[in-house]
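The values are calculated or read from the model by the stated rules, or taken from the named source; none is laboratory data. Given the structure is predicted, the values throughout are model-derived calculations rather than measurements. Neighbour counts run over all protein chains shown; Cβ positions are idealised from the backbone, glycine included.
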Amino acid sequence: MKLIDIGEVSARSGVPPSTLRYYEEIGLIQSLARTGLRRQFGPQTLVQLSLIALGKTAGFSLSEIAGMFGRGGAPDLPREGLHARADALEGQIRQLSTLAKALRHVADCPAPTHLECQKFQRLLRVAGRRQG
(Lines give C-alpha, C1' and ligand atoms only; values in the text may rest on other atoms or scores of the structure.)
Protein backbone atom coordinates (compact mmCIF):
# COMPACT_ATOMS: atom_id res chain seq x y z
CA MET A 1 0.00 0.00 0.00
CA LYS A 2 1.32 3.41 -0.97
CA LEU A 3 1.31 5.90 1.90
CA ILE A 4 0.29 9.51 1.37
CA ASP A 5 2.10 12.40 3.02
CA ILE A 6 0.02 14.73 5.21
CA GLY A 7 0.59 17.58 2.74
CA GLU A 8 -0.83 15.56 -0.13
CA VAL A 9 -3.76 14.36 1.98
CA SER A 10 -4.44 18.00 2.81
CA ALA A 11 -4.20 19.09 -0.83
CA ARG A 12 -6.41 16.27 -2.09
CA SER A 13 -9.04 16.56 0.63
CA GLY A 14 -9.04 20.31 1.26
CA VAL A 15 -8.62 19.64 4.99
CA PRO A 16 -5.84 21.72 6.60
CA PRO A 17 -2.92 19.78 8.16
CA SER A 18 -3.82 21.19 11.59
CA THR A 19 -7.29 19.67 11.28
CA LEU A 20 -5.81 16.37 10.13
CA ARG A 21 -3.61 16.32 13.22
CA TYR A 22 -6.64 17.13 15.39
CA TYR A 23 -8.70 14.36 13.75
CA GLU A 24 -5.86 11.96 14.47
CA GLU A 25 -5.63 13.17 18.06
CA ILE A 26 -9.32 12.45 18.68
CA GLY A 27 -9.18 9.11 16.86
CA LEU A 28 -11.13 9.89 13.67
CA ILE A 29 -8.20 9.02 11.42
CA GLN A 30 -4.88 7.30 11.98
CA SER A 31 -1.48 7.90 10.47
CA LEU A 32 0.39 4.73 9.60
CA ALA A 33 3.98 6.00 9.60
CA ARG A 34 6.15 9.09 9.66
CA THR A 35 8.81 10.44 7.39
CA GLY A 36 10.76 12.67 9.73
CA LEU A 37 8.05 14.66 11.48
CA ARG A 38 5.57 14.33 8.61
CA ARG A 39 2.68 11.94 9.10
CA GLN A 40 1.91 9.37 6.42
CA PHE A 41 -1.61 8.09 5.83
CA GLY A 42 -3.16 5.21 3.94
CA PRO A 43 -5.43 5.86 0.95
CA GLN A 44 -8.50 4.94 3.05
CA THR A 45 -7.95 8.20 4.95
CA LEU A 46 -9.29 10.13 1.96
CA VAL A 47 -12.53 8.10 2.13
CA GLN A 48 -12.73 8.69 5.88
CA LEU A 49 -12.27 12.44 5.37
CA SER A 50 -15.07 12.47 2.78
CA LEU A 51 -17.34 10.70 5.27
CA ILE A 52 -16.36 13.15 8.01
CA ALA A 53 -17.18 16.08 5.71
CA LEU A 54 -20.52 14.51 4.77
CA GLY A 55 -21.34 13.86 8.43
CA LYS A 56 -20.47 17.43 9.42
CA THR A 57 -22.60 18.80 6.58
CA ALA A 58 -25.49 16.66 7.79
CA GLY A 59 -25.08 18.14 11.27
CA PHE A 60 -23.47 15.22 13.08
CA SER A 61 -20.96 16.03 15.80
CA LEU A 62 -17.40 14.74 15.52
CA SER A 63 -18.22 12.36 18.38
CA GLU A 64 -21.20 10.99 16.46
CA ILE A 65 -19.08 10.70 13.33
CA ALA A 66 -16.42 8.78 15.24
CA GLY A 67 -19.10 6.21 16.04
CA MET A 68 -19.68 5.70 12.32
CA PHE A 69 -16.31 4.05 11.83
CA GLY A 70 -15.77 0.40 12.64
CA ARG A 71 -12.55 -1.55 12.96
CA GLY A 72 -9.66 -0.16 10.97
CA GLY A 73 -11.62 2.97 10.13
CA ALA A 74 -14.05 1.22 7.79
CA PRO A 75 -17.45 2.90 7.56
CA ASP A 76 -20.08 1.35 9.83
CA LEU A 77 -23.00 3.68 9.27
CA PRO A 78 -25.96 3.49 11.69
CA ARG A 79 -28.92 3.28 9.33
CA GLU A 80 -31.48 4.19 12.00
CA GLY A 81 -29.50 7.28 12.99
CA LEU A 82 -29.18 8.30 9.35
CA HIS A 83 -32.94 7.99 8.86
CA ALA A 84 -33.54 10.11 11.96
CA ARG A 85 -31.12 12.79 10.76
CA ALA A 86 -32.68 12.77 7.28
CA ASP A 87 -36.14 13.23 8.85
CA ALA A 88 -34.86 16.14 10.95
CA LEU A 89 -33.27 17.75 7.88
CA GLU A 90 -36.51 17.40 5.92
CA GLY A 91 -38.33 19.13 8.79
CA GLN A 92 -35.81 21.97 8.71
CA ILE A 93 -36.19 22.24 4.94
CA ARG A 94 -39.97 22.56 5.28
CA GLN A 95 -39.60 25.24 7.96
CA LEU A 96 -37.02 27.17 5.95
CA SER A 97 -39.10 26.89 2.78
CA THR A 98 -42.13 28.28 4.62
CA LEU A 99 -40.01 31.10 6.04
CA ALA A 100 -38.58 31.93 2.60
CA LYS A 101 -42.09 32.11 1.11
CA ALA A 102 -43.27 34.34 3.96
CA LEU A 103 -40.29 36.67 3.56
CA ARG A 104 -40.88 36.92 -0.20
CA HIS A 105 -44.52 37.77 0.44
CA VAL A 106 -43.58 40.43 2.97
CA ALA A 107 -41.01 41.89 0.57
CA ASP A 108 -43.64 42.13 -2.18
CA CYS A 109 -46.67 42.87 0.03
CA PRO A 110 -48.83 45.71 -1.30
CA ALA A 111 -49.86 46.79 2.22
CA PRO A 112 -48.91 50.42 3.00
CA THR A 113 -46.58 49.26 5.82
CA HIS A 114 -45.27 45.88 6.87
CA LEU A 115 -47.15 46.10 10.15
CA GLU A 116 -50.41 46.30 8.18
CA CYS A 117 -49.55 43.05 6.35
CA GLN A 118 -51.41 40.08 7.85
CA LYS A 119 -48.74 37.57 6.82
CA PHE A 120 -46.02 39.72 8.37
CA GLN A 121 -48.00 39.91 11.63
CA ARG A 122 -48.35 36.09 11.64
CA LEU A 123 -44.61 35.75 10.95
CA LEU A 124 -43.87 38.00 13.93
CA ARG A 125 -46.18 35.97 16.20
CA VAL A 126 -44.53 32.69 15.18
CA ALA A 127 -41.05 34.15 15.66
CA GLY A 128 -42.08 35.50 19.09
CA ARG A 129 -43.37 32.07 20.20
CA ARG A 130 -40.13 30.36 19.16
CA GLN A 131 -38.00 32.89 21.01
CA GLY A 132 -39.93 32.73 24.27
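Okay, here's what the table says:
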| read-out | value |
| --- | --- |
| All helices (runs of 4 or more DSSP H) inside the range 62-132 with 1 or more residues being under 22 Å from the mean Cα position of the chain (by Cα) | 62-66, 79-108 |
| Search result, residues across the range 21-41 that are farther than 15 Å from ALA66 by Cβ and modelled with pLDDT of 95 or more | ARG21, GLN40, PHE41 |
| Count - residues of the range 39-61 that are under 19 Å from ASP87 (Cα atoms), out of contact with any Ser or Thr (no Cβ under 9 Å at 6 or more places or on another chain) and either assigned to a helix (DSSP H, G or I) or in contact (Cβ under 8 Å) with a residue 40 or more places away in the chain (or both) | 3 |
| Residue satisfying condition, being more than 18 Å from VAL15 (Cα to Cα) and small (Gly, Ala, Ser), within set ALA66, ALA53, ALA58, ALA127 | ALA127 |
| Considering residues of the range 21-38 that are part of a loop (DSSP other than H, G, I, E, B) and not hydroxyl-bearing (Ser, Thr, Tyr) only, the residue farthest from SER63 (Cα to Cα) | GLY36 |
| SER50 being under 12 Å from the mean Cα position of the chain (by Cα) and loosely packed, with under 14 Cβ neighbours inside 10 Å | yes |
| Residue ID - surrounded by the fewest Cβ atoms within 10 Å (Cβ to Cβ), chosen from residues in the range 8-20 that are in a helix (DSSP H, G or I) and within 17 Å of the chain's Cα centre (by Cα) | THR19 |
| Some residue of the range 35-56 being within 30 Å of ARG125 (Cβ to Cβ) and out of contact with any Asp or Glu (no Cβ under 9 Å at 6 or more places or on another chain) | no |
| Hits in the range 21-47 - residues which are under 21 Å from the mean Cα position of the chain (by Cα) and of a type in the set (Val, Ile, Thr) | ILE26, ILE29, THR45, VAL47 |
| Yes/no for GLU90 being at pLDDT below 90 and farther than 30 Å from ILE4 by Cβ | no |
